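Participant: This structure is in structure tokens; I'll ask about it shortly.
The values are calculated or read from the model by the stated rules, or taken from the named source; none is laboratory data. What you see is a predicted model; the values in this text were computed from it and never measured. All Cβ positions, glycine included, derive from the backbone under ideal geometry; neighbour counts span all protein chains shown. Protein only, heavy atoms only, side chains kept; ligands, DNA and RNA dropped before computing areas. Shrake-Rupley method; radii C 1.70, N 1.55, O 1.52, S 1.80 Å.
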Amino acid sequence: RTFWYTLNKPGRFMPADTIEHKEKKYKIYLRLDTNISRLPSYVDKPSFVVSESTEEDDKENYEWQAEVELIPIEFVLDDGLVRKWFKKAFTKNGKRLTAKQRKYLKNVLEVRKRILTYKCPVEYIIKKLKSQDHTNIFKLLNTAGTDLTTFDLLNAQLSNVHLNLRELWNNATKEYNMFELFHLDPLQVLKVLLLIRQTKNEDENPTCTQKDLNNLHKIYKIFDFYLDYQSDKNECVEFRQQFKEDWKEACRYTSKALEIIQRDFGACQKKYIPYTPMIVTLAAIEHWRKDYDQRFQGRMKEKIKQWYWGAIFRQAYEAGTDNVINHHYKSLMEWLKPGERRNVPSEIRFKMCKKDIEKAVDDIESSGDARYKAILCLPLVNNATDIYSYEFLSKNLHDHHIFPKKSKEVRNGEIEEYEINNIINRMLITDKTNQSIKNKSPYEYLDEKCCTRANLKNHFLFKEIVAEKLSYRQFCKARKKRILNRLYSLINY
């Protein structure tokens, strides 16, 4: 990803958006003090590139970037963009670059030169070699050298039995538009496939860890990829049939899980999904419950909702996500099973009182927090529309400060700037509405002409903001109460 952002320089001076990694937002920068000439000769990795945890607004905060001495990586390969960034960051009000800053400019241009003149070695493999030899070479190069993805390695292994995993994935992205919409990682489909296959095998503890992916052949209990694959043609045929059947089901229910996350939980884009590993758990449990009578499905659905919101606010997927998926999948199968009244298994017992929920909300410190994303998307659970256009909130969205950072209340000192980023002061609107509102306070843009009572209610807003001109803290207190009540009803069904 670092190389992608480096090589895909923008056509004009426009900072790239932040990227999401392990549920947090990052922007990739180059350190200005990087001196290529002082790097050891054996260094060919981008060790001079650093990731900086950031807020979305920081991408255009050139004063901050100059202060911490970081230039956005997407500008580095273009001489003109580099110089324009230095001008914006260091030479406001007619100032000239200092000696130190000129040295930094030279450093960046040297990095640019090193990248543009870098030579990449290419090895040719003889076409006449057997496919098994190709696989062995591929595996050796990418385990002893620079790692490729697990998906690439599996694709190479499966080619021995005439299964093209890459082709299966490309066809799936064409058939299920949700995969493209949410930029789904194909490994998530493979993890769903593992859980489905083991459930069919009646394994007591279905798992989808990295080890399981690496040993996919053992799940099917047919043959070993690392033995001579031509030893038993019938086994190869049987494996291909089972794998394709499981793949088809995994794709179908992964797509269904994404539809549920979008429709029932409000996460309309990937960046708003609180925890992406929950896609695997949800897809697998949706497949598991498909054969039960329709009269049980309503209750199952409500329990799944309770699990979803509870897992987010208990931060269940913060670490060890593969093991969490395994435990939650097994526990959900136990809890959802029709029949006698069942206690909630300890692994998914997420009941929270209002005081606990309030503490969880107060602990949110960044927009990368799963709880932040869940609250931001709460209005969409009720199909909330944009407060101006009444369009359904699904694309081209902006995470908007209800009281903007540059509103009069902030400029006049009534609100401290650090308070303004509170999740209670955020809502999703369209980019078009954001351009209309700009730096207006809610006293100006929340009026009778553009906001119906029903739509304000969906956004946890109210007419009193304008009618009584509530202070910022009064507004936060009132809106927070509404949000907490909603969360309590979702977590404690």
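Participant: Looking only at residues in the stretch 310-322 that are charged (D, E, K, R) and either in contact with a Gly (Cβ under 6 Å, 6 or more places away or on another chain) or in a loop (DSSP other than H, G, I, E, B) (or both), which one is modelled with the lowest pLDDT?
Facilitator: The first filter runs over the stretch 310-322 and keeps only residues charged (D, E, K, R), leaving 314, 318, 322.
In the following step, the residues that additionally are either in contact with a Gly (Cβ under 6 Å, 6 or more places away or on another chain) or in a loop (DSSP other than H, G, I, E, B) (or both) were identified as 314, 318.
Numbers: Arg314: 95, Glu318: 90.
In this case the residue turns out to be Glu318.
Quick grid of which residues meet (1) within 22 Å of Asn485 (Cβ to Cβ); (2) hydroxyl-bearing (Ser, Thr, Tyr); (3) at pLDDT 95 or above; (4) open to solvent by less than 10 Å² (accessible area, probe 1.4 Å):
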| site | (1), (2), (3), (4) |
| --- | --- |
| Arg341 | no, no, no, no |
| Ser346 | no, yes, no, no |
| Lys351 | yes, no, no, no |
| Glu358 | yes, no, yes, no |
| Ile364 | yes, no, no, no |
| Asp369 | yes, no, no, no |
| Ala374 | yes, no, yes, yes |
| Pro379 | yes, no, no, yes |
| Asn382 | yes, no, no, no |
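Participant: Here is a follow-up. Open to solvent by 90 Å² or more (accessible area, probe 1.4 Å), among the basic types (Lys, Arg) and either modelled with pLDDT under 85 or within 30 Å of the chain's Cα centre (by Cα) (or both): is that true of Lys469 in this structure?
Facilitator: It is true that Lys469 is open to solvent by 90 Å² or more (accessible area, probe 1.4 Å), among the basic types (Lys, Arg) and either modelled with pLDDT under 85 or within 30 Å of the chain's Cα centre (by Cα) (or both).
Participant: Sticking with this one: For the stretch 328-351, which residues satisfy the criterion of being touching a residue at least 12 places away in the same chain (Cβ under 8 Å) and closer than 15 Å to Trp288 by Cα?
Facilitator: Within the stretch 328-351, His328, Tyr329, Lys330, Ser331, Leu332, Met333, Trp335, Leu336, Pro338 qualify.
Participant: Do we have any residue at all in the stretch 274-285 that's under 16 Å from the mean Cα position of the chain (by Cα), at pLDDT 90 or above and open to solvent by 10 Å² or more (accessible area, probe 1.4 Å)?
Facilitator: yes
Participant: Oh, and also: Exactly one of these conditions fails for Arg114: (1) without any contact (Cβ under 8 Å) to a residue 40 or more places away in the chain; (2) farther than 15 Å from Arg12 by Cα; (3) surrounded by 13 or more Cβ atoms within 10 Å (Cβ to Cβ). Give me its number.
Facilitator: (1)
Participant: Applying the selection to the stretch 403-461, what residues are of a type in the set (Asp, Glu), exposed (fewer than 14 other Cβ atoms within 10 Å of the Cβ) and at pLDDT 80 or above?
Facilitator: The answer is Asp431, Glu444.
Participant: OK, next. Is at least one residue of the stretch 323-339 in contact with a helix residue (DSSP H, G or I) (Cβ under 8 Å, 6 or more places away or on another chain), outside any helix (DSSP H, G or I) and surrounded by fewer than 18 Cβ atoms within 10 Å (Cβ to Cβ)?
Facilitator: Yes, that holds for at least one residue.
Participant: Can you tell me which residues in the stretch 79-111 are under 15 Å from Tyr62 (Cα atoms), within 33 Å of the chain's Cα centre (by Cα) and surrounded by 18 or more Cβ atoms within 10 Å (Cβ to Cβ)?
Facilitator: Scanning the stretch 79-111 gives Leu81, Val82, Trp85, Phe86, Ala89.
Participant: For the stretch 65-76, which positions are surrounded by fewer than 17 Cβ atoms within 10 Å (Cβ to Cβ), on the phi < 0 side of the Ramachandran plot and either in contact (Cβ under 8 Å) with a residue 12 or more places away in the chain or of a type in the set (A, V, I, L, M) (or both)?
Facilitator: Val68, the sole residue that qualifies.
Participant: Now, a different point. Determine, yes or no, whether Ser389 is under 30 Å from Glu202 (Cβ atoms), hydroxyl-bearing (Ser, Thr, Tyr) and open to solvent by 20 Å² or more (accessible area, probe 1.4 Å).
Facilitator: Against the criterion (under 30 Å from Glu202 (Cβ atoms), hydroxyl-bearing (Ser, Thr, Tyr) and open to solvent by 20 Å² or more (accessible area, probe 1.4 Å)), Ser389 does not qualify.
Participant: Given the condition under 24 Å from Glu167 (Cβ atoms), among the polar types (S, T, N, Q), at pLDDT below 95 and open to solvent by 50 Å² or more (accessible area, probe 1.4 Å), answer yes or no: does some residue in the stretch 238-254 qualify? Lay out the reasoning, then the answer.
Facilitator: Of the residues in the stretch 238-254, the ones under 24 Å from Glu167 (Cβ atoms) are 238-254.
So of that shortlist, the ones also among the polar types (S, T, N, Q) come out as 241-242, 254.
Still in the list and also at pLDDT below 95: 241-242.
Applying the additional criterion that residues be open to solvent by 50 Å² or more (accessible area, probe 1.4 Å) yields 241.
Yes, because at least one residue in the stretch 238-254 is under 24 Å from Glu167 (Cβ atoms), among the polar types (S, T, N, Q), at pLDDT below 95 and open to solvent by 50 Å² or more (accessible area, probe 1.4 Å).
Participant: Related question: Checking Leu165 against (1) more than 22 Å from Glu238 (Cβ to Cβ); (2) out of contact with any Cys (no Cβ under 9 Å at 6 or more places or on another chain), which test does it fail?
Facilitator: Leu165 satisfies every listed condition except (1).
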